[in-house]
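The values are calculated or read from the model by the stated rules, or taken from the named source; none is laboratory data. Note that the structure is predicted; figures quoted are calculated from it, not measured. All Cβ positions, glycine included, derive from the backbone under ideal geometry; neighbour counts span all protein chains shown. Note: areas computed on protein heavy atoms with side chains; ligands, DNA, RNA excluded. Shrake-Rupley method; radii C 1.70, N 1.55, O 1.52, S 1.80 Å.
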Amino acid sequence: MTIGEVLQQRKAITAAQLKEAKGARKPSERIEHCLVRLGHIDEREYLEVYSEQLSVPLVDLSKVEIDAELLKQTPSKLVHRDRVIPIDRHNGTIRVATNNPFNLYAFDELRMLMGAKIETVLATGEEISRVIKQHFGVGGHTVESMIDDSDDGVTVVSEYDQDNADLIEQAQEATVVKLVNEILLEAIRDRASDVHIEPYENDLKIRYRIDGVLHTTNVPPEIRRFHAAIVSRIKILSNLNIAERRLPQDGGFKIRAQNRDIDLRVSIIPTAFGGAVVMRILDKQSVLISMDQLGLMDEALEGVEKLISQPYGIILVTGPTGSGKTTTLYSALNSIKNDEVKILTIEDPIEYYLDGIQQVGVKHNIGLSFASGLRSFLRHDPDVILVGEIRDLETAEVAINASLTGHLVFSTLHTNDAVTATTRLLDMGVEPFLVSSSISGVLAQRLVRKICKHCAEQYTPDAKDVPADLALDKGQKLTRGAGCRECRNSGYRGRLGIFELLLITDELRDMIVRREAATEMFTIARKQGLKPMREDGWAKVRKGMTTIEEIVRVTKVDVSALD
């Protein structure tokens with residue numbers, strides 16, 4: 001019985017799927033590999049069949065202790081080329097993990113090189129890749145090839161000593177192209193939002209920001225030699241001046257990975273040891289999410305939906321850089337977008353391109369600012385306007401005038417909570433009566449990491465670990481992540497928002513006109529139903545969505561709640 005028939009017998013695939021795979025199979029491609037390529041099965045399903053038919057154990061490498069010394073003794077070319085992982089050695093026999101038990105040539109070569117018997121076990125290609133990356137670093141094989149190619153008596157010198165033509169030629173070499181691609185693909189696989197390439201005197205660090213936290217990824221130490229070529233390759237992709245090494249540069253480019261288009265925004269600054277690069281990964285799929293997927297729930301969700309359905313007024317989203325304000329605004333625009341509504345945005349820069357919405361990017365060098373762009377917008381007959389950020393009095397006044405003339409205006413401010421947004425506008429010099437009459441609501445937010453659903457577990461917290469303002473029933477259990485390969489053993493996977501929604505009532509409008517302090521406004525808003533951000537966070541802790549540590553990390557104690 002063929003493996004395809006076995007999979008069909010197990011109901012892993014249908015007869016139609018097997019027939020499709022036979023028709024779509026490439027020359028010399030195994031049927032099970034074709035079934036994976038078509039998305040009908042995953043690799044582990046056919047490895048289970050291999051395991052039974054060949055009497056070879058199937059292991060989970062994340063739960064197996066790898067003998068690091070044995071792995072160091074194994075020729076790295078063999079590990080990378082044939083994707084075989086020596087696990088341990090017992091009584092002269094080396095146990096080797098592979099996802100291709102038919103590669104007998106590789107096992108024979110390993111037996112001769114290591115001088116030991118070989119016993120195979122099966123593991124998925126993903127687990128094998130993880131172990132290779134962990135022990136040899138991202139792009140380890142590529143860096144090794146680059147070193148081999150340069151072992152001709154020529155050594156790569158400092159970036160600042162190289163001729164531009166040499167840099168361009170080196171940056172276009174296939175190995176450098178492949179290395180940059182591997183760095184980017186690894187970041188996308190790990191769901192990173194940013195890639196940091198940081199040169200030091202004797203080291204080159206590559207760090208990925210995942211769920212808001214930086215993680216240093218393992219790279220071969222020899223990669224420092226190729227820093228100039230890596231930076232040059234990124235500059236070429238971003239249409240930047242490869243000869244400019246004294247001034248900061250900004251650019252961007254687009255790649256296609258995992259069947260989707262991904263934009264990258266690039267910033268390069270000149271440091272003491274060469275150009276430091278930060279690439280922001282802008283994945284459109286990550287922002288086109290619904291309001292409830294953001295983390296808005298209950299009264300906050302109802303309040304925001306009510307605000308964005310109004311015909312005019314200003315809705316402000318506040319929070320520090322990286323708190324998800326742009327994602328919230330795009331989600332709001334997406335929810336009200338239809339053929340009857342004209343939406344215009346002015347942003348600095350445009351982070352994501354949205355269908356059905358006219359977007360304009362700020363260009364300070366030619367005089368296109370938020371304020372000048374907004375003035376032009378009013379002659380374009382819009383219904384809804386998004387201003388990327390209110391930074392100055394001129395932009396604030398134009399945005400307010402737009403709202404007072406019958407437009408719904410969305411914008412952002414950098415304030416720590418909702419009530420201080422109104423006082424920030426007053427501090428800019430906006431007249432109190434204009435602020436009170438134009439602002440409909442303010443949404444303050446922060447991002448916290450979500451508990452990984454693959455390793456979530458319940459526990460009873462110690463009383464000393466529970467903050468005084470978190471109300472828990474006696475013996476109430478909370479949730480945390482134990483740590484697994486899906487979340488890089490962090491216990492967290494993905495992020496969600498915690499929110500504080502301030503709806504501007506008549507009483508609050510009067511307080512704005514009288515220039516009352518933000519603390520006084522907060523007291524009144526609390527009485528009118530304002531739910532502070534930290535309180536929203538505790539609700540998400542009790543629901544098992546995030547942890548106490550995350551809420552404590554991003555919020556401060558509301559002293560009035562402790563009275």
Distant-in-sequence amide H partners of Val121 (H built 1.01 Å from N, under 5 Å): Val96, Ala97, Thr98
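At a threshold of 8 angstrom on Cα-Cα distance, excluding pairs fewer than six apart, so keeping six or more, what relative contact order does the chain reach in percent?
Value for the chain: 8 percent.
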Nitroxide proxy distance, nm - points 7 Å out along Cα→Cβ at Leu185 and Asn103: 1.5 nm
Against the longest principal axis of the chain, how steep is helix 15-24, in degrees 0 to 90 to the nearest 10, with axes from Cα atoms? 80 degrees
Rounded to the nearest 10, the angle in degrees between the Cα long axis of helix 125-136 and the longest principal axis of the Cα atoms of the chain comes to 90 degrees
Per-residue HN-Hα couplings for the range 83-88 [Karplus 6.51, -1.76, 1.60; θ = phi - 60°; Hz; x = Gly/Pro]: 6, 10, 10, x, 8, 7
Compute the helix-to-body angle for 104-114: its Cα long axis versus the longest principal axis of the chain, expressed 0 to 90° and rounded to tens. 80 degrees
Of the trypsin sites (Lys or Arg not before Pro) in the range 213-262, those whose Cβ has at most 14 other Cβ within 10 Å and which sit in DSSP loop: Arg246
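Taking 0.36 nm per intervening residue step and subtracting the Cα-Cα distance, what contour gain separates Ala463 from Leu54 on full extension?
Stretched out fully, the Ala463 to Leu54 stretch lengthens by 141.9 nm.
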From phi via Karplus (6.51, -1.76, 1.60), per-residue ³J(HN,Hα) for the range 435-446 in Hz, x at Gly/Pro: 4, 5, 8, 9, 6, 8, x, 10, 10, 8, 8, 9
Amide H neighbours of Tyr492 at under 5 Å, excluding residues fewer than 5 places away on the same chain, with H built from the backbone geometry, are Cys452
Mind checking which lysines have their C-alpha under 30 Å from Lys306, skipping anything on the same chain fewer than 8 residues away? Lys284, Lys325, Lys337, Lys342, Lys450, Lys527, Lys531, Lys540, Lys543, Lys556
Starting from the Cα of Lys133, draw a straight line to each of the lysines and keep only those under 20 Å, dropping any in the same chain fewer than 8 residues away. Lys63, Lys72, Lys77, Lys178, Lys205
Dipole magnitude of the range 464-563 about its Cα centre (Cβ charges: Lys, Arg +1; Asp, Glu -1), debye to nearest 20: 620 debye
Roll a 1.4 Å probe over the protein chains and send me the accessible area per residue for the chain in Å². 49 Å²
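What's the longest bit of the chain with no exposed GluC sites (Glu not before Pro), using DSSP loop states and at most 11 other Cβ atoms within 10 Å as the test?
341-563
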Would you list the P(r) distribution for the chain, with all Cα-Cα distances sorted into 20 Å bins from 0 and each bin expressed as a whole %? 17, 41, 33, 9, 0
How much of the accessible area of the chain, probe 1.4 Å, is carbon plus sulfur, in whole percent? 48 percent
Hull surface divided by four, with the convex hull built on the Cα atoms of the range 236-353: how many nm²? 10.3 nm²
Rounded to whole Å and sorted largest first, what semi-axes of the equivalent ellipsoid does the C-alpha gyration tensor of the range 414-563 yield via the square root of 5 times each eigenvalue? 36, 17, 11
